[in-house]
Amino acid sequence: MKLNNTIEMTRLFSILQKTITNPYFGVLISLVLIFPSLYVIVEDISIIRKEYLILVTGLVLYIKSLNSIFDDFLNRNKDSF
């Protein structure tokens, strides 16, 4: 029973690692952070809120993920020539 549990944990860890390093997942998570924080910020811009921090974090993650996606596209095209 223990061996089966460690195999399942290893498989789960592998799937989580692939998901976290996937740039498309990063874009999705960043958009989930950006849109609700913008909705709250637009109500009253003059008040400093925690949503500004969430917005900045989401934008950084979004840019990093898109950079990774475009780098993959560019490298894939170089390899085909």
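The values are calculated or read from the model by the stated rules, or taken from the named source; none is laboratory data. Note that the structure is a prediction, hence the values are computed from the model and not measured. Backbone-built Cβ (ideal geometry, glycine too); neighbour counts: all protein chains shown. Note: areas computed on protein heavy atoms with side chains; ligands, DNA, RNA excluded. Shrake-Rupley method; radii C 1.70, N 1.55, O 1.52, S 1.80 Å.
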Legend entry - the stretch 39-58, residues that are in a helix (DSSP H, G or I) and either at positive phi or open to solvent by 70 Å² or more (accessible area, probe 1.4 Å) (or both): Tyr39, Val42, Glu43, Lys50, Leu53, Val56, Thr57
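Here's the yes/no breakdown for (1) free of Cβ contacts under 8 Å to residues at least 24 places away in the same chain; (2) among the acidic types (Asp, Glu):
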position: Thr10; (1), (2): yes, no
position: Gln17; (1), (2): yes, no
position: Ile20; (1), (2): yes, no
position: Gly26; (1), (2): no, no
position: Lys50; (1), (2): yes, no
position: Leu55; (1), (2): yes, no
position: Gly58; (1), (2): no, no
position: Ser65; (1), (2): no, no
position: Asp72; (1), (2): no, yes
